[in-house]
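What follows is one structure encoded as structure tokens, with my remarks underneath.
Each reported figure results from applying straightforward, stated rules to the coordinates on display, with no laboratory input. Because the structure is predicted, anything quoted here is derived from the model rather than measured. Ideal geometry is used to build each Cβ from the backbone, glycine not excepted, and the neighbour counts take in all protein chains shown.
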Amino acid sequence: MNIPSPCFVLDEKKLIQNLQLIDHVQKSAGIEIILAFKGFAMWSTFPTVRKYVKGATASSLNEVKLCNEEMGVKSHTYCVAYTDDEFDEIAVKSSHITLNSLAQYQRFINRVPEGVSVGLRVNPEWSDVETDLYNPSSPVSRLGITSENLEELPDRVEGLHFHVLCESDSYALEHVLKSFESRFGHYLPKVKWVNMGGGHLMTRNGYDTDHLIKLLSDFRKRNNVDVILEPGSAFAWQTGDLHTSVLDIVENGGKKTAIFDGSFTCHMPDCLEMPYRPKLEKGSDVKVEGWHPYRLGGVSCLAGDFLDEYWFEKPLEIGDSIVFKDMIHYTMVKTSTFNGVKHPSIGIVKQDGSFELIRAFGYDDFKNRLS
Ligand SMILES: Cc1ncc(COP(=O)(O)O)c(C=O)c1O
């Protein structure tokens, strides 16, 4: 396969396997599952995604437009704060609009057209997420209204939305539902739908999908509401890698760093933010006796753009390939051209095993983000 370097490479077969599992869950539980663009927005795959799911959730005007253009449907939209100049376009291009605060509701409700379903984001104040960066459930979080601050449901509200999980299992959702129902259960007879956000990693090996299906279908029947889930990661989980290659090997103070033609800060920011250590196709993220240790260093000039030792069976050489596993969700959507670093190309390994280069990036892409 003639894969350029660097390149995000999605495996179509794996994406379809994830889509089939997601479809199985939504049909068995009698709910709707939509794609969260913030986690995965590789729109060349949307014709395939649309065979299994009806739509997507958008968190900005740009994502709303992408949903309309490339999925051919209006989006479920939740923005942390809507702006005056964008609201009307968002409203006509959305089927659902969720507001993050009562002040935003007051400010924009008269501009929501008839037929668009209005929701409020609430905070169930329970989460299993240990990394604060990914945990919106704190009582002082800016994301969602706490039960303490919601004395009654405003007139036009037809739905409640919450999002407090991240790469979580169904047992965490069970806890969230207990907390949600104890805080907001008295509003459920008044609403048509509950959107349970993302963070449901149903495509991870070992996820108890039967438990999830029972939980969702019991909740739906008990409360007589439509249930929506909007995962991002679960769609693209383990569907592909970031292919890079070694440009130089630098040794200082007895430590060898393999510099590759990508960057953690530009292309894999979770590795620095979480911090998260990706697996490699060849090479180990934990020490193997007799193998050769290298730091992996990005090509940007940020001092911290590296991950500490990975181990390789043979000494690395210039031109060797380094493939970072599971680099499709929350990567392509977060990349930057900091330092003017070359943006990885985007390609797909099709079901028949052939490689299709979807897009390569160049100087214009860098220049057009600046002025
Ligand atoms: C409101 C909302 N919905 C859905 C998601 C998708 O979550 P995940 O990709 O973890 O499934 C997020 C992620 O941050 C979110 O903030």
Under the rule that an exposed site lies in a DSSP loop and has at most 10 other Cβ atoms within 10 Å, name the longest stretch of the chain with no GluC sites (Glu not before Pro) of that kind, not counting the sites themselves. 153-288
Hull surface over four for the Cα convex hull of the range 140-242, reported in nm², is 7.8 nm²
Starting from the Cα-Cα distance between D352 and M274, subtract it from 0.36 nm times their residue separation and give me the gain in nm to one decimal. 24.5 nm
How far apart, in nanometres, would the label points at V286 and H175 be if each is projected 7 angstrom from Cα along the Cα-to-Cβ direction? 2.4 nm
Would you mind getting me the FRET efficiency between S336 and E114? Use the beta-carbon distance for r and R0 = 51 Å, nearest 0.05. 0.80
Can you give me the long-range amide H partners of G240? Hydrogens built in the peptide plane at 1.01 Å from N, cutoff under 5 Å, separation of 5 or more residues or another chain. D11, D326, M327, I328
Over 22 Å between alpha carbons, listed pairs K27/K93; K14/K65; K314/K350; K13/K74; K27/K178; K38/K93: K27/K93; K14/K65; K314/K350; K13/K74; K27/K178
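Under the 0.36 nm per residue contour assumption, what length would be gained going from the current alpha-carbon distance of K192 and Q20 to full extension?
Working: separation 172, 0.36 × 172 = 61.92 nm, distance 2.69 nm.
This chain segment gains 59.2 nm when fully extended.
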Show me, for the range 49-59, the HN-Hα J-couplings you get by feeding each phi into the Karplus relation (A = 6.51, B = -1.76, C = 1.60, θ = phi - 60°), rounded to Hz, glycine and proline as x. 4, 5, 5, 10, 10, 7, x, 8, 10, 10, 10
Binned at 10 Å from 0, what are the whole-percent values of the Cα-Cα distance distribution for the range 12-236, short to long? 8, 35, 39, 17, 1
What distance in nm separates the two pseudo spin-label positions at K325 and V92, each 7 Å out from Cα along the beta-carbon direction? 4.9 nm
So I249 and R359, fully extended at 0.36 nm per residue minus their Cα-Cα distance, gain in nm 36.7 nm
With the charge dipole of the chain built from beta-carbon charges (+1 for Lys and Arg, -1 for Asp and Glu) about the Cα centre, the Cα from L212, V140, A91 projecting farthest to the positive end belongs to A91
For A303 and L153, FRET efficiency with R0 = 35 Å and r from the beta-carbon atoms, rounded to 0.05? 0.10
What order do you get for 20-28, 196-204 when each peptide is scored by the mean count of other beta carbon atoms within 10 Å, highest first? 196-204, 20-28
Rounded to the nearest 500, the 222 nm mean residue ellipticity computed for the chain from DSSP H runs (n ≥ 4, each -39500 (n - 2.57)) alone is -6500 deg cm²/dmol
